[in-house]
Amino acid sequence: LGSAGDLEGQLSNPRGVCVSRSGLVSVADTNNHRIQQFRADDGTFVRVFTTSISSDQPFRFPNSICVDNAENIFFTDCRYRVFHYRSDGTFVRWFWFTGARNQMMSATVSVSADGALLIAASSFLHEFR
């Protein structure tokens with residue numbers, strides 16, 4: 001999938017990857033500050049997510065990424081924020097998790113079998129339903 005660089009379909013220091021049931025590979029393209037999607041069967045570039053809240057509040061250094069059974073995409077960035085997108089690239093929401101506002105650290109995100117969003121960071125684990 002992809003090659004080195006900053007153009008669409010190219011990656012720079014990817015840190016996270018997940019595959020949806022429908023065969024979309026979502027990649028946290030960390031140093032390019034974006035999420036990219038590719039088709040799992042042939043690696044074809046599909047789309048890119050580059051910002052969230054507004055152009056003055058972009059996500060920074062996305063790293064951990066996961067997809068739930070409804071194909072919603074969740075990822076974290078270096079500011080302890082969690083972002084939620086639909087599989088078609090539509091932004092849904094973002095949030096800080098407890099005690100983390102403005103810290104420059106990363107966390108790991110996952111979805112449990114029953115649909116709970118799990119976030120592990122430093123010495124704590126958060127669960128969101």
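Label separation (F45 vs S22): 2.1 nm, computed from points 7 Å beyond Cα along the C-beta direction.
Scale the Cα Rg of the range 1-82 by the rule-of-thumb value 2.2 N^0.38 Å and send over the ratio, two decimals. Mind showing how you got there, number by number?
Values: Rg = 11.9 Å, N = 82, 2.2 N^0.38 = 11.7 Å.
Rounded to two decimals, the normalised Rg is 1.01.
For the Cα trace of the range 1-48, dividing Rg by the Kirkwood Rh returns an Rg/Rh value of 0.93. Each peptide among 30-36, 4-10 gets the average number of other Cβ atoms lying within 10 Å of its residues, and from highest to lowest they stand as 30-36, 4-10.
Treating each Cα of the range 56-96 as one equal point scatterer and applying the Debye formula with no solvent, the log10 of I(q)/I(0) at q = 0.18, 0.30, 0.31 Å⁻¹ comes out as -0.45, -1.11, -1.15. Solvent-accessible surface (1.4 Å probe) assigned to F45 amounts to roughly 60 Å².
By how many nm would the segment from S110 to W94 grow when fully extended, if each residue of separation counts as 0.36 nm and the alpha-carbon distance is taken off? Show your work: numbers first, answer last.
Numbers: separation 16, 0.36 × 16 = 5.76 nm, distance 1.54 nm.
In short, 4.2 nm is gained.
The values are calculated or read from the model by the stated rules, or taken from the named source; none is laboratory data. Just so it is clear, the structure is predicted and the values come from calculations on it, not from any experiment. Counting neighbours? That spans all protein chains shown, and the Cβs are built from the backbone with ideal geometry, glycine included. Keep in mind that these areas ignore ligands, DNA and RNA; they rest on the heavy atoms of the full protein, side chains included. Shrake-Rupley method; radii C 1.70, N 1.55, O 1.52, S 1.80 Å.
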